[in-house]
Amino acid sequence: MFIILTLLCRNEEDIIKHNIDYHLKNGVSFIIATDNGSTDGTTDILRYYESLGLLHYIFQPEYTHDQSKWVTHMAHLACSKYKADWILHCDADEFWCTSCNNLPSFFQSIPLSTNLLYVKRNNFIPPLIDDYSPGPFFRKQIYRESNSKNFFGDKLPDKVCHRSLNNISVTDGNHDLVSKESILSSLTPSELDIVHYPVRSLHQFTNKIKQGVEALNNNKHLSPLTGSTWRHIYNHYYIKGSLPEYYKSLTLTSLELSSQLNLGTIVVDTRVKELLTK
């Protein structure tokens, strides 16, 4: 079972190594990564895994949020050059989880007639307001929402993974697959999910919103609805200088956390932490 993970990233040095290590431990065979002009330590980290023969590195300098185009290119490489059995499309802050912490075992259980999976996703909450402990994000962020919604109150859209298929396109955000040749037969398995760390610190979150919206604005071919959450936060908080206050509104005190744990709206999830600390 040869599983390839595609990664599109820009300035993700706080999380990208952990993402790669986690997925390799979880059974991913190889990674294809597109580095969208990183200026921090991301490039060096990706090049290191390339030197180990575990990663195919692509440098993409244009800040134009051509995610669909770039991810589709990686999908074609995974299919034609590397002969992947399954291809998972991932952002740097997403971690694919199974109940058995063994991706190959999970994918071997998928019927041969199924070539596309839609995978649910939920967010970890940011570090607690009163948590000043040092260490990587996954040691502090063990509380996630049980049913995450976006800024506008809608369910977070699923992400996709698929078997090697010819002449396909991955849509923006990795939310769907379009095929001109193959008949797509899909499932939404309960045994596979994605946990998401979109907010890890004020510094990281500020950079994410700033560089994300600037890239969206550089691409005049995108729909105004693309990146709508980022655009809203940028226009209503970042440019007004109130992003720190918005960030604080996303965090919980210990008392608030306890209340939401009792209600079940927040759950403890240590799967990423456990695999990375083995």
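The values are calculated or read from the model by the stated rules, or taken from the named source; none is laboratory data. These figures come from a predicted structure and were not determined experimentally. Cβ coordinates were reconstructed from backbone atoms using ideal geometry, including for glycine residues, and neighbour counts include every protein chain displayed.
Kindly list, by first and then second residue, each pair from a residue in the stretch 146-164 that is farther than 18 Å from Ile125 by Cα to a residue that is of a type in the set (Val, Ile, Thr) and in a strand (DSSP E or B), limited to pairs with Cβ atoms under 6 Å and residues at least 6 apart or on different chains.
Asp158/Val119; Lys159/Val119; Lys159/Ile194; His162/Ile87
Kindly indicate the residue of the stretch 266-278 that is in contact with a strand residue (DSSP E or B) (Cβ under 7 Å, 6 or more places away or on another chain) and not acidic (Asp, Glu) and also surrounded by the most Cβ atoms within 10 Å (Cβ to Cβ) among those meeting that condition.
Across the stretch 266-278, the extreme among qualifying residues is Val272.
Would you check if Glu181 is farther than 20 Å from Ile16 by Cα and modelled with pLDDT under 95?
Against the criterion (farther than 20 Å from Ile16 by Cα and modelled with pLDDT under 95), Glu181 qualifies.
Quick test for you: out of Leu112, Leu128, Leu117, pick the one residue that is in contact with a His (Cβ under 9 Å, 6 or more places away or on another chain) and aliphatic (A, V, I, L, M).
Leu117
Counting residues that are buried (at least 23 other Cβ atoms within 10 Å of the Cβ) and in contact with a strand residue (DSSP E or B) (Cβ under 8 Å, 6 or more places away or on another chain), which strands (runs of 3 or more DSSP E) fully inside the stretch 1-81 reach at least 1?
Correct list: 3-9, 30-35.
So, in the stretch 231-275, of the ones that are in contact with a Lys or Arg (Cβ under 8 Å, 6 or more places away or on another chain) and part of a helix (DSSP H, G or I), which residue ends up farthest from Pro198 (Cα to Cα)?
Leu275
Say whether the condition of being modelled with pLDDT of 95 or more and either over 25 Å from Arg144 (Cβ atoms) or of a type in the set (Asp, Glu) (or both) is met by at least one residue in the stretch 193-204.
yes
Among Lys149, Lys208, Lys159, which is under 17 Å from the mean Cα position of the chain (by Cα), among the basic types (Lys, Arg), more than 30 Å from Asp85 (Cβ to Cβ) and at pLDDT 95 or above?
Lys208
Name the residue, out of Thr39, Thr43, that is polar (S, T, N, Q) and either farther than 16 Å from Gly212 by Cβ or touching a residue at least 40 places away in the same chain (Cβ under 8 Å) (or both).
Thr43
Name the pairs: first residue in the stretch 174-188 and of a type in the set (Lys, Arg), second residue at pLDDT 95 or above, Cβ to Cβ under 8 Å, at least 6 apart or on different chains?
Note: pairs meeting the criteria are Lys180/Ile168.
Take the residues of the stretch 166-178 that are modelled with pLDDT of 95 or more and either assigned to a loop (DSSP other than H, G, I, E, B) or of a type in the set (Ser, Thr, Tyr) (or both): which is surrounded by the most Cβ atoms within 10 Å (Cβ to Cβ)?
The extreme case among them is Asp176.
Tell me the residue from Phe106, Phe95 that is among the hydrophobic types (A, V, I, L, M, F, W, C) and part of a helix (DSSP H, G or I), please.
Residue meeting the stated conditions: Phe106.
Please state which one of Ser51, Ser68, Ser105, Ser133 is over 20 Å from the mean Cα position of the chain (by Cα), within 24 Å of Ser164 (Cα to Cα) and of a type in the set (Ser, Thr, Tyr).
Among Ser51, Ser68, Ser105, Ser133, only Ser105 is over 20 Å from the mean Cα position of the chain (by Cα), within 24 Å of Ser164 (Cα to Cα) and of a type in the set (Ser, Thr, Tyr).
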